[in-house]
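Data first, discussion second: the structure below is written as structure tokens.
The values are calculated or read from the model by the stated rules, or taken from the named source; none is laboratory data. Worth saying up front: this structure is predicted, and the values here are computed from it rather than measured. Cβ placement follows ideal geometry from the backbone for every residue including glycine, while neighbour counts extend to all protein chains displayed.
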Amino acid sequence: MATTVLIADDQDLVRTGLQSILEAQPGIEVVGAAADGREAVALARELRPDVCLFDIRMPGMDGLEATRQLAGAEAEDPMAVVIITTFDLDEYVYGALKAGARGFLLKDAGPDMLVQAIEAAASGDALIAPSVTARLLSAFVDAEPSDTKAPREPLTQREEEVLCTVAQGHSNAEIAEALYISLSTVKSHVSKLMAKLGARNRVELAIWAHETGRV
């Protein structure tokens, strides 16, 4: 079954480009496109796509508010949202992650990274563009006072290692290769980290790692 995607961007050329890239991929179907956040929220609730791909800056309602309404803590049936933006140091991106987005990319990330982000979000995972992860999150951790909570249980040394690689934007397969452990072991560690840190996804794990100075 194809992964369904809703695109929202206020630039016609960008919407058309993203749609062309995604529809050229096997297993992905673009079911709708919106020019602003308000239209995107309405379409998302009507169409229930597997993944929403939102620009962060749109007129009327921006991607941040659209993400909060669809994926935030108060959303009755949270949806998968991936933010794609031109700006790698944009406070709205950090806000979108806090609002529940499962990942973010730059618009020059390329088709492969875009598809990876869609697939990750659809499977309940998340992808953060490695090229901007440390710079983006560290900038806002330094700029804002942290209310980071302590883990419910102490992290093991291996969990600390997995956490750092997650925060650097690596996939489960890349973590398995780097740490010489099996893919199933990586998935187990990530699940335990989420439970210990009260995180909903890998993005929140990455934020926690940066806020606590681990990366």
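Table for the structure above
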item	result
Of the criteria (1) part of a helix (DSSP H, G or I); (2) touching a helix residue (DSSP H, G or I) at 6+ places or on another chain (Cβ under 8 Å); (3) of a type in the set (D, E, K, R), which one Glu160 fails	(2)
Options Gly32, Gly100: the member that is within 16 Å of the chain's Cα centre (by Cα) and among the small types (Gly, Ala, Ser)	Gly100
Of residues in region 106-133 being over 29 Å from Glu74 (Cβ atoms) and among the hydrophobic types (A, V, I, L, M, F, W, C), the one modelled with the lowest pLDDT	Ala109
Qualifying residues in region 65-87 (those that are in contact with a helix residue (DSSP H, G or I) (Cβ under 6 Å, 6 or more places away or on another chain) and of a type in the set (A, V, I, L, M)) - the one modelled with the lowest pLDDT	Ile83
Residue, farthest from Ala2 (Cα to Cα), within region 106-131, restricted to residues that are among the aliphatic types (A, V, I, L, M), over 8 Å from the mean Cα position of the chain (by Cα) and not in a loop (DSSP other than H, G, I, E, B)	Leu106
Pair list, Cβ under 7 Å, 6 or more apart: region 165-188 residue without any contact (Cβ under 8 Å) to a residue 12 or more places away in the chain, other residue polar (S, T, N, Q)	Ala176/Ser182; Leu183/Asn172
Candidate set from region 88-105 (those that are surrounded by 22 or more Cβ atoms within 10 Å (Cβ to Cβ) and assigned to a loop (DSSP other than H, G, I, E, B)); member that is modelled with the lowest pLDDT	Arg102
